Amino acid sequence: MTNSAPPPSSSSSARVEIITLPISHFLKFDLEPQLISIINRGYNKPRFKYGVIDTPRVKKSLMDDFQIDLEMMDDVWVSLVFVLGKPGKETGTGKVEVKFDSKDSGSELTRKLIQKYPIGSLNFDNSSFSRETTETIDSIITKSTQKLHQILSSTTTTQIEFQILGTIAIKPYSTTIPQNYTITAYTSFYPRISILLFNHITKFAKHQLGAKKIWIDVIEEHDLVEFYDKLGFVFVERVTCKVDPVSKALVGEDGGLEGGIRANSDFHLVLMYLDL
């Protein structure tokens, strides 16, 4: 994940929009296949790089693999960053056509997005990343739904995933611990997006949902502990996840992970939290 980029140009005809809705809304729009493809593409980056986890992040469905029950659906919030419009002539891409493919890896998608929208050509300052913290949840849902309608009316569902620069979601940490949320479905395919998404979702959690703490569990072998440490997260515990060498299935303590995970070796799950 890249956290910085040169100042954006304000002259590009492309614009960046962020949509934040309960996961139930995205399912009503029949966008689950696209979300699964996007999320798996993002999680495949460390999966392929480190070779620890053998299975994709979403193996069955969003509900199953993110451990969401029906009563929780409206309390699980997903934010998507879209790039809309065509790159301006000043970007230097000329008439070169960038073709996206469903088989593109996360790294390949990032390369193509930067080719189409060179670093510095996208303006993030006028997007809803700068949303007022006093905006009501109803207002956010209304505006995000309208934006999603507009996007879906101007593109095909097969192409929409190539307009998404990153994703992040939060869900209740526990039904018995109110005002605590967990970050998940966190992906980034363009410089600067990861930190903008993080700042957006934590601000939303604090001001719109009244959250007091944000939790995260990460695979230590994916070198993500340092990333969250720099964001101010505090270490809580480190769980060893044992793997059967023949079946590759988890045995014993699984750190609360979803079922169906296979891994090539034992790994460690680190739990961390951030006070808001």
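The values are calculated or read from the model by the stated rules, or taken from the named source; none is laboratory data. Nothing here was measured: the structure is a model prediction, and the numbers come from that model. Here the Cβ positions follow ideal geometry from the backbone for every residue, glycine too, while neighbour counts run over all protein chains shown.
Some notes on this structure:
- Hits in segment 208-253 - residues which are of a type in the set (Ser, Thr, Tyr) and touching a residue at least 40 places away in the same chain (Cβ under 8 Å): Tyr228
- Taken together, the criteria place Phe204 among residues that are surrounded by 15 or more Cβ atoms within 10 Å (Cβ to Cβ), within 15 Å of the chain's Cα centre (by Cα) and over 20 Å from Arg47 (Cα atoms).
- Residue match in segment 26-44 (condition: crowded, with 20+ Cβ neighbours inside 10 Å, without any contact (Cβ under 8 Å) to a residue 60 or more places away in the chain, of a type outside the set (Phe, Trp, Tyr) and outside any helix (DSSP H, G or I)): no
- The set of residues from segment 66-80 being assigned to a loop (DSSP other than H, G, I, E, B) and of a type outside the set (Phe, Trp, Tyr) comprises Gln67, Ile68, Asp69, Val76.
- Tabulated pairs, segment 158-179, first within 15 Å of Lys116 (Cα to Cα), second of a type in the set (Asp, Glu) and assigned to a loop (DSSP other than H, G, I, E, B), C-beta under 7 angstrom, 6+ apart or interchain: none
- Against the conditions (1) in a loop (DSSP other than H, G, I, E, B); (2) surrounded by 13 or more Cβ atoms within 10 Å (Cβ to Cβ); (3) at pLDDT 85 or above; (4) not small (Gly, Ala, Ser), Thr2 satisfies every one except (3).
- When residues of segment 235-249 are limited to those that are surrounded by 12 or more Cβ atoms within 10 Å (Cβ to Cβ) and charged (D, E, K, R), the one nearest to Leu224 (Cα to Cα): Arg238
- Members of segment 45-63 found to be hydrophobic (A, V, I, L, M, F, W, C) and not in a helix (DSSP H, G or I), listed by number: Val52, Ile53, Val58
- Restricting segment 239-276 to residues that are among the charged types (D, E, K, R) and under 24 Å from Phe48 (Cβ atoms), the residue that is modelled with the lowest pLDDT: Asp254
- Some residue of segment 68-78 being closer than 22 Å to Phe189 by Cβ, among the aromatic types (Phe, Trp, Tyr) and modelled with pLDDT of 95 or more: yes
- Among the residues of segment 250-264, those that are surrounded by 15 or more Cβ atoms within 10 Å (Cβ to Cβ) and small (Gly, Ala, Ser) comprise Gly255, Ala263.
- Per the listing Tyr190, Tyr186, Tyr273, the residue uniquely touching a residue at least 60 places away in the same chain (Cβ under 8 Å) and more than 28 Å from Glu32 (Cβ to Cβ) is Tyr273.
- Within segment 105-112, not a single residue is at pLDDT below 90 and not in a helix (DSSP H, G or I).
- Test for Thr182: is it surrounded by 15 or more Cβ atoms within 10 Å (Cβ to Cβ), touching a Gly at 6+ places or on another chain (Cβ under 6 Å) and closer than 23 Å to Lys230 by Cβ: no
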